[in-house]
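To start, the structure itself, in structure tokens.
The values are calculated or read from the model by the stated rules, or taken from the named source; none is laboratory data. Source: prediction; values computed, not measured. Virtual Cβ from ideal backbone geometry, glycine too; neighbours counted across all protein chains shown. When the accessible area is computed, the model is the full protein with side chains, heavy atoms only, and any ligands, DNA or RNA have been set aside. Shrake-Rupley method; radii C 1.70, N 1.55, O 1.52, S 1.80 Å.
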Amino acid sequence: MVPIDQVQLSFNPQTLTVLNAVLGLVMFGVALELKVDDFRLALKTPKALALGLVGHHLLFPAMTYVLVSVLHPLPSIGLGMILVSSCPAGHISNFLVHHARGNTALSVSVSALSTAVAVVMTPLNFAFWGSLHPITSGLMKQVAMSPWEMLEVIVLLLAVPLLAGMWVARRFPAFAQRVRRPMKWFSLLVLAAFIVGALAANFKYFLAYINLVLLVVFIHNLLALATGYSLSAALGLPERDRRAITFEMGIQNSGLGLILIFNFFNGLGGMAIVTAWWGIWHIIAGMTLATFWRRRDPGAVPAAAAAGKGAP
């Protein structure tokens, strides 16, 4: 079996172009549901909004730095973990919050602001934590990645579709209303189909190296979900807000992570495999938790009692 970093996943330039288009489509579909009022609404719950943004873009990358030190994975896997933690919230988080009977409006607001902030924070977080950690700094030096080049990619993949979708929703509200729900489901299905197709095309690699990433991703994702809920409970947020913050911290835009890996790291095997597995696992874990919560009325959980329980 070849070393993991010599593995080249089946992602040729045409596949990468398709992934770029899929990510843009998903972002455009999400943006059709956003309005300026969503941001105003978020400002009415500043504590929850601040927790979602700080937890996602500051706390989680710092926690990942510590986790890499504790688990001591291969350098490329550690760097992949840092990249995943630097990405904005995944686009399925809003769907999962809605399914879990959480505060969907808060989730949409945090996702929108997280994506907007990620245009700057993703390249800066990745460059800072990746270069700082002794396990991963060697790979950063070899690639000499420029955070400004990454910024350019993120602007094209996230900011442009986001602004375009919001403009369409504002300029043609009737059209946006008609296509909003079909577009959301279509984009999510296309994304899911792409992930399944990519997994099938690289299945032999996942079988060969799953032992190196399975536990790492499980712990990493569980830490994000548990921290989101625990901090929300500690701040005394209502149960519906806690569910929203939990998914906003625990669902990452791993599709963006894969694009960055193939653009800047030539598809480095360890980074690509851990990021691709993240994209699969967080859907499994998210749907499991959302289905569990859906059966529990958030209004039936007293604030004081829930705060005492901590993370789910």
In contact with an Asp or Glu (Cβ under 9 Å, 6 or more places away or on another chain) and aliphatic (A, V, I, L, M): which single residue out of L258, L268 fits that description? L268
If I ask for residues that are more than 30 Å from L34 (Cα to Cα), touching a Phe, Trp or Tyr at 6+ places or on another chain (Cβ under 9 Å) and surrounded by 18 or more Cβ atoms within 10 Å (Cβ to Cβ), which ones from region 190-205 would you list? N202
Do the conditions hold for G270, that is, is it in a helix (DSSP H, G or I) and either in contact with a Cys (Cβ under 8 Å, 6 or more places away or on another chain) or aliphatic (A, V, I, L, M) (or both)? no
Would you mind stating whether G197 is of a type outside the set (A, V, I, L, M, F, W, C) and touching a residue at least 24 places away in the same chain (Cβ under 8 Å)? no
Would you call P238 surrounded by 15 or more Cβ atoms within 10 Å (Cβ to Cβ) and at pLDDT 90 or above? yes
Quick one: which residue in A118, A100 is hydrophobic (A, V, I, L, M, F, W, C) and touching a Cys at 6+ places or on another chain (Cβ under 8 Å)? A118
Just name the residue that is nearest to G90 (Cα to Cα) out of those in region 261-276 that are hydrophobic (A, V, I, L, M, F, W, C) and buried (at least 24 other Cβ atoms within 10 Å of the Cβ). A276
Residues (in a helix (DSSP H, G or I) and at pLDDT 90 or above) located in region 244-261: A244, I245, T246, F247, E248, M249, G250
Enumeration of residues in region 167-189 that are in contact with a helix residue (DSSP H, G or I) (Cβ under 6 Å, 6 or more places away or on another chain) and either of a type in the set (G, A, S) or open to solvent by 40 Å² or more (accessible area, probe 1.4 Å) (or both): A169, A176, K184, S187
Residue check, M145 against (1) modelled with pLDDT under 70; (2) surrounded by 17 or more Cβ atoms within 10 Å (Cβ to Cβ); (3) not in a loop (DSSP other than H, G, I, E, B), all met but one. Which one? (3)
With respect to the numbered conditions (1) at pLDDT 85 or above; (2) open to solvent by 30 Å² or more (accessible area, probe 1.4 Å), which one is the sole condition not fulfilled by A116? (1)
Meets criteria (open to solvent by 10 Å² or more (accessible area, probe 1.4 Å), under 18 Å from the mean Cα position of the chain (by Cα), modelled with pLDDT under 90 and within 30 Å of L139 (Cα to Cα)) for G24: yes
Do we find that I219 is within 30 Å of F203 (Cα to Cα), at pLDDT 90 or above and either buried (at least 24 other Cβ atoms within 10 Å of the Cβ) or of a type in the set (V, I, T) (or both) in this structure? yes
Identity of the residue in region 32-91, out of contact with any helix residue (DSSP H, G or I) (no Cβ under 7 Å at 6 or more places or on another chain) and among the charged types (D, E, K, R), that ends up modelled with the highest pLDDT: K47
